[in-house]
Amino acid sequence: MLMPKKIRYRKVQRGTLKGLSKGARDVAFGQFGLQAIEPGWITAQQIESVRVTLTRKLKKIGNLYLRVFPDKPVTKKPAETRMGKGKGSVELWVAPVKRGRVMFEIDGVDAVAAKEIFRLAACKLPIRTKIVKRVEAPVEE
């Protein structure tokens, strides 16, 4: 499972997911990307599930690029515990994803195959997504 080796603080506050993603809004490494339409937390288990699905479908013909990493710890208190006594222990790791972030990219496949592969991957995620294509910058001569 994905998680950071070392972090500055063991427990963090929830934070906010308002606004657009600051970075990773364009397809940079592959030809096609899966972009978030709405904000949400993507857990390490969900990222792993998408990774397995994409690698199975791509086989050895294409490349996969992960552009999200779960570096935020989420805490939970045990069931039937009274209020107080501090913050709960870390239960899972999430990647906060804002609107417009390209989370996964693939390369080496055609548009029809990419659409089908990303459709299967999007079923594993708790947020709505769309497929985006790489935009080539015009070359000036």
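Going through (1) in contact with a Lys or Arg (Cβ under 9 Å, 6 or more places away or on another chain); (2) hydrophobic (A, V, I, L, M, F, W, C); (3) surrounded by 12 or more Cβ atoms within 10 Å (Cβ to Cβ) one by one, Ile42 falls short only on (1). Taken together, Ile117, Ile131 contain a single residue that is modelled with pLDDT of 90 or more, touching a Phe, Trp or Tyr at 6+ places or on another chain (Cβ under 7 Å) and over 30 Å from Lys6 (Cβ atoms), which is Ile131.
Pairs meeting the criteria (first residue in region 50-69 and in contact (Cβ under 8 Å) with a residue 24 or more places away in the chain, second residue surrounded by 12 or more Cβ atoms within 10 Å (Cβ to Cβ) and among the hydroxyl-bearing types (Ser, Thr, Tyr), beta carbons under 7 Å, at least 6 apart or on different chains) are Leu64/Thr55.
Every test in (1) under 23 Å from Met1 (Cα atoms); (2) surrounded by 18 or more Cβ atoms within 10 Å (Cβ to Cβ) is passed by Val90 save one, and that test is (2). Picking from residues in region 1-25 that are loosely packed, with under 13 Cβ neighbours inside 10 Å and within 22 Å of Glu105 (Cα to Cα), the one that is modelled with the lowest pLDDT is Met1. Of the residues Val97, Val109, the single one that is aliphatic (A, V, I, L, M) and either surrounded by fewer than 19 Cβ atoms within 10 Å (Cβ to Cβ) or within 29 Å of Thr16 (Cβ to Cβ) (or both) is Val97. Could you tell me whether region 80-90 includes any residue that is hydrophobic (A, V, I, L, M, F, W, C), within 16 Å of the chain's Cα centre (by Cα) and over 19 Å from Cys123 (Cα atoms)? Within region 80-90, not a single residue is hydrophobic (A, V, I, L, M, F, W, C), within 16 Å of the chain's Cα centre (by Cα) and over 19 Å from Cys123 (Cα atoms).
Annotation note: Cβ proximity below 7 Å between a residue of region 1-23 that is closer than 21 Å to Lys87 by Cα and a residue that is outside any loop (DSSP other than H, G, I, E, B) and among the polar types (S, T, N, Q) (sequence gap 6+ or interchain) occurs for Lys11/Thr75.
The values are calculated or read from the model by the stated rules, or taken from the named source; none is laboratory data. Keep in mind it's a predicted model, so treat the numbers as computed, not measured. With ideal geometry, Cβ positions are generated from the backbone for all residues, glycine too; neighbour counts draw on all protein chains shown.
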